[in-house]
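Here is the structure we will look at, set down as structure tokens.
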Amino acid sequence: MCGIVGAVAERNVVEILLEGLKRLEYRGYDSAGVALLQNDGILTRIRRTGKVQELADAVAEGEALGTTGIAHTRWATHGGVTEANAHPHFSNERVAVVHNGIIENYEKLRNALKEKGYVFGSDTDTETIAHTVHEALKTGETLLSAVQSAVKEFHGAYGTVIMDKEDPSRVVVARSGSPLVIGLGLGENFIASDQMALLPVTRRFIFLEEGDVAEITRRSVAIFDKDGCPVEREVIESNVEHDAGDKGMYRHYMLKEIHEQPVVVRNTLKDRLGESGLTRDAFGKEADAILSKVKHVQIVACGTSYHAGMTARYWLEQYANVSCNVEIASEFRYRKSVVHADSLLITISQSGETADTLAALRLAKELGYNASLAICNVPGSSLVRESDLAFMTQAGAEIGVASTKAFTTQLTAFLMLTLALGEYNGMAAQDKQDIVNALHSLPAKLEETLTITQGIEDLAEEFADKHHSLFLGRGDQYPIAMEGALKLKEISYIHAEAYASGELKHGPLALIDEEMPVIVVAPNNELLEKLKSNVEEVRARGGIMYVFADKDARFAGDETMRVIDVPHCDAPIAPIVYTLPLQLLSYYVALIKGTDVDQPRNLAKSVTVE
């Protein structure tokens, strides 16, 4: 969601801040701003609604200077999209603040601060941080002690960076629930909500823990835990590559990332899959001791990652003989649940910072799960650091807000986990070899599937005037239908729903008419004949069908049913293969609709608030 960049240096930091914001644009935002502080105490602020480029243009119009600075891209929560609500926020032209997260008790704080004479210039919860710190500074506290005092007043989530005009040599940062990373330079130091923002200036990072407050100057970093005690945090040398700077031959990042899937799936399998099974340390050196005891799996995730978990349930129960529950993280954390014996908690998140998923992991530790496994795409993220085991997908930086390659690498990881757990739970030898063979064939099968792009681009034109659609799938294709519906609504703004096709007669048939496109995923498996019956139910009621079918499934197309042949694939990998046509469909429909494909309205890449 919101992005933070900060710097303390001897040189002018404005270009560092702006470049950092540009690298965080993929997270989703609606306004941007920068505050700069010179050594002589001159404090400058520039804010704009819209894209970071508009902020950069505004900065270029003047002479923006500062050796200490903070910058921010805002995704609106409290208050509309206006320049007044954009960060940074000031208090009495002295304190400047940027903030990710939500201060839940901001109304109470706001009222108390108004009684003390503070005037609010925005509708945001963030401005209460600035005034609360300013109030503490009035008593003679240092910026560090003022922030340490102030954060005790805040309920909710925050990653915040604060500057004081009267002390331009430092910034103070605080983290609770919303990630912050410190970048270490030579005679200069940096802060950001995502290490991607700082890759041009450093490769050495410190990830702050829950409750940490840190004071950062050009030559020093001092970190204090939630009790105010000095602590040391590990310095990590990052090998993360920011590979998203160039869309290459592609019009959008999303299309580029769709076409990268054969490569990133191959990378995810590399050095983890042998000819007859997984390598010994595919899930880490501690995996054997943990996975050998697992008799039940609880999967917790949000959005696209939740659909990956839903698919995994079919695999884990069918092949690995392990019972599995899957739950949306925001539901899991707010209800009483029963912990099964010998249960493994699996969390899934592309960013590793999804607020509800992180909270679910922390709750699970209290509930008594045997262990936790994170499936994630970002090394060093909170989810990875707080889990017992971590499986890193190798998707690379995913810039498009609508997840594509992160999803298919998550599915690949789950099919590998099915092999790992099956080793301890009596997986049939033939099932094991079938999965291994299917995984080896997967990258090439994905490449073959991408060759049907032209046919999908052609049929997308038929969605130009549509406002609703229905996706159908059976068995492990039902979650893939759910993911297809999510993609279409995310980037084309067409209302889309998914159903297990056997549920049609229990209500959804009432929606069927010639204005409701029905999209079906139909691999050639044991449920094919059942699915064909469901298709006929739709046709009998005047529905228009778009069937993505195995070329050997013998669907006969006509004016009411368009059939798009999908290359034949082995059953275990069919959910992964059939994901690609649905991604392409949503992409080309969005092009026709003229929407912002990479940054759809109202959405953010990394959801770090509830």
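Couple of notes before you dig in:
- Taken along the Cα-to-beta-carbon direction at a fixed 7 Å, the label points for H467 and K336 span 4.5 nm.
- In terms of the mean number of neighbouring beta-carbon atoms within 10 Å, the peptides 101-111, 377-387 order highest first as 377-387, 101-111.
- Simple label model, 7 Å out from Cα along Cβ direction - E529 to E104, nm: 5.4 nm
- Least to most buried among E366, E448 (fewest other Cβ within 10 Å first): E366, E448
- Hydrodynamic radius by Kirkwood, which averages 1/r over all alpha carbon pairs of segment 233-378, in angstrom: 17.3 Å
- Summary of the geometry: segment 495-566 and segment 61-127, compared by the centres of their Cα atoms, lie 51 Å apart.
- Kyte-Doolittle mean at least 0.0 and Cα axial length at least 27 Å: DSSP H helices in the chain: 574-593
- Its Cα gyration tensor gives the chain an equivalent ellipsoid. The semi-axes, each the square root of 5 times an eigenvalue, are 45, 27, 21 Å from largest down.
- Of the residues L316, N111, C569, the one whose Cα sits farthest towards the positive end of the charge dipole of the chain is N111 (charges of +1 on Lys and Arg Cβ, -1 on Asp and Glu Cβ, taken about the Cα centre).
- CD proxy at 222 nm, helix term only [per DSSP H run n ≥ 4: -39500 (n - 2.57); per residue of the chain; nearest 500]: -10000 deg cm²/dmol
- Remark: segment 253-593 projects, on average over all directions, an area of 16.1 nm² (convex hull of Cα atoms).
- Order of D458, D164, D227, D288 - criterion: other Cβ atoms within 10 Å of each residue's Cβ, fewest first: D227, D458, D288, D164
- Set the Cα radius of gyration of segment 3-237 against 2.2 N^0.38 Å, with N its number of residues, and you get 0.91.
- Each peptide in 554-560, 126-132, 271-277 receives the mean, over its residues, of other Cβ atoms within 10 Å, and ordering these scores from highest gives 126-132, 271-277, 554-560.
- Hypothetical label at I42: residues of segment 61-91 whose amide nitrogen lies under 14 Å (7 Å Cα-Cβ projection): 62-68
- Relative to the current alpha-carbon distance between E63 and C229, full extension at 0.36 nm per residue lengthens the span by 55.7 nm.
- Placing R0 at 56 angstrom, the Cβ-Cβ distance between R11 and H440 gives a FRET efficiency of 0.65 after rounding to 0.05.
- The modelled label-to-label distance for the pair D513/F120, using points 7 Å beyond Cα in the direction of Cβ, is 4.7 nm.
- With a Förster radius of 22 Å applied to the beta-carbon distance between L459 and D558, the computed FRET efficiency rounds to 0.95.
- Potential extension, D288-Q53 segment - 0.36 nm per residue separation minus Cα distance: 79.6 nm
- Taking a ≥ b ≥ c as the square roots of the eigenvalues of the Cα gyration tensor, segment 18-136 is classed as oblate, since a/c reaches at least 1.5 and a/b does not exceed b/c.
- Arranged from fewest to most other beta-carbon atoms within 10 Å of their beta carbon, F391, F205, F224 become F224, F205, F391.
- If the segment from A84 to R219 were pulled out straight at 0.36 nm per residue, it would be longer than the present Cα-Cα gap by 45.2 nm.
All of the numbers you see were taken from the coordinates with simple rules; none came from a lab. No experiment lies behind these values; they were computed from the predicted model shown. Neighbour counts run over all protein chains shown; Cβ positions are idealised from the backbone, glycine included.
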